[in-house]
Structure formats: C-alpha cells, structure tokens
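Nothing in this text is a laboratory measurement; each read-out follows from the coordinates by a stated rule. Note that the coordinates shown come from a computational prediction; the quantities given were computed from them, not determined experimentally. Methodologically, a virtual Cβ is constructed for each residue, glycine included, from the backbone with ideal geometry; neighbour enumeration extends over all protein chains shown.
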Amino acid sequence: MFITGANGFMGRAVAQRYRSLGVEVRGVDLVADPRGGVVAGDIDEPSSWRRAIAGAEVVVHTAALVSNNVEQQRAWRVNVVGTQRVLDAASSAGADRFVQISTMGVVRFAHAHPDAAATVLPGRELDERWPLMPTGNPYTDTKIAAEHLVLAAHAAGEQDCTVIRPADVYGPGCRPWVLEPLAALRSNRMLLPARGRGLFTPVYIDDLVDGIVAAAARPEASGQIIHLGGESPVSTLEYFGHLSRMLGRTDPPRSAPTPVAVAAAEAARLIAVARGRHTELGRGVMLMLAKTRGVSNDKAHRLLGWWPRVDLDDGMARVEAWLREEGLLDER
C-alpha cells in the first residue's frame, strides 16, 4: 500500500497498523524515511514518488496543508492540485481503492436539508447528506474541492474511491488538539469561545485507523463518504480541561462569548503577522471551537461495522502517559 503524508500524525498511525497486519507499506512525505519506505517529495510533483506508488493496491491520501491562516493559492496547490496528482498516480498504478482523508470542516457551517431534523438524533446532526458550504477558509474550501475531484474520478470509473471525514482526532503526537493547546494553556493564551460550551467530537487515533482500514477493504465503502467521530460530543471546556489538569491546573481553561473570543484571536493573529510569525489563532479556529453540532456515525456503523472503542477518559490517559514519557509535561 502507499500513504501520502506518511510521516504525519495520521499517516504514521495508518502505516504502523498496516505493517502490523503484514502489509508492505510505502509512502511519500516532505522528509524521507528510508527505513519506513518513505521517499521525500511534494505531492504536486509526482516525479519524486511515482516509482514508489507502482503496484500499490490501496492508496491512503492523508497529505494536506492543514491551516486556517494560509494563502489560498498555496492551499490550492497542495490540497487540490496535489490530490489530483495522487489520484492520477493511483489510477496509473492500478490501485484497487483510493481513500481520501478529508475533514468534517467541509460541513461545519452548513445548514440541514429540510427533513434532517426528522432523520438524525440530537447531538448527532452532521451526517453525510449535508450540503457543503464554502466559507472563505482556505483549508476547508480546498478540501471541498478535493472531495469533488475524488468523487468525480469515482463517478467516471477512473478510480475506485472512498472519502473519510474524521472529526476531532487526538492521541499521542497530535499537534492541533494536544501539543498546541498544551503550549497555549502553559502560557495562559488559551481562550475558548462560546463560554466553553462549543461541541467537540473527539475520536482517538486508533479508532480512526480502524475505520480507515475497514473503509479501504470493504466493497460497501466504494464511492461513499463516511464520517468517523467520537460517539458522544463533549464541550470544549471538558476536552481542554483534561489537558489543563495534566499541567496541574485546578481552574478550568478561560472562556468568553464567541464575539469576544473571535476579536481577541483576530488581534493576536494581526500582531503575529506584523511580526512575521505564523499562527493558527484567528476567526477560523474560534468558529471551529464554537461548533453546535455533533457528528453522526450511523453510516460507519451500518457500512463498516465500526464503533469507536476508546472513550475520552481512556484516550486522555494514554495521551498523558505519552507526554510524560516524552518529558513534555512539567512535574507537579
């Protein structure tokens, strides 16, 4: 099999799982890992990795430029043009299945179709039938376009494809939902919108990989979009409270009304830009943390027989153990 973004948080976890199943794994990332079969290259420049994908039966495309604050053209080059390049290479290699790792962000700001309220459970609103709404966010908008490419290739009979939309994935080594929030909490820069009542749908990395492996193998997943999230959403205050307690804090993370949090994050972003620094702070991340809808796993239950097995308490205990092993937590 072949994995793009093979050194990343998701790509590495997928590679480890397939190796444990006795599958030969190759991949591409910006930095080579010869021992892991990973060659160096950009996904939008196939010349450096085309030989490595030859003969792959399954291609899992995790590589993406994941940022709310990035130039639109740069995001387009990686997330859209890069996806087309990997699709073309997978088809040329004769891959049996192309698995696109997308994001729940593509439906985050959507409105339900007229009968949605009658067909979904409270707190489990976002299912695969929801329409996609571009919002000007460079990451989510280019992931919408990438999904279109993948589903169009499947519809045209060019490549058998499945689209996976993970929810809020966390676990040891996770940058956006573990390492960066810890740094913000440690420096007292964490501010949650919606007074900490925004919905977060955490799914542990091992559970996500279970779903990806099932989707890559099952005929029922062919041509499908499948959501994979935690079974029960929690508030952002609850999720980030776990990380705060790992630092020995007794007070909950700071929170504010969403307009206040957005204004503060935008001010911090502008200061960072003026100083020539990259930051993920800004309107995009605050709106992400102010979500009011959970994720429906009904389709994954039905087609894949998939259910998340790691609850938040267990997952956070594993995260804390890893952080302490890596020396990333101050001693209490």
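Taking the Cα centre of the stretch 2-325 as origin, work out the dipole magnitude from +1 charges on Lys and Arg Cβ and -1 charges on Asp and Glu Cβ, in debye rounded to 20.
920
Let me know the longest stretch in the chain that avoids all GluC sites (Glu not before Pro) found in a DSSP loop with at most 13 other C-beta atoms within 10 Å.
In the chain, the maximal stretch lacking such sites is 72-325.
Across 20 Å bins from 0, what is the distribution of all Cα-Cα pair distances for the chain, in whole percents?
31, 60, 9
How high is the relative contact order of the chain, in percent, counting Cα pairs under 8 Å that sit 6 or more residues apart?
Computed over the chain, the figure is 17 percent.
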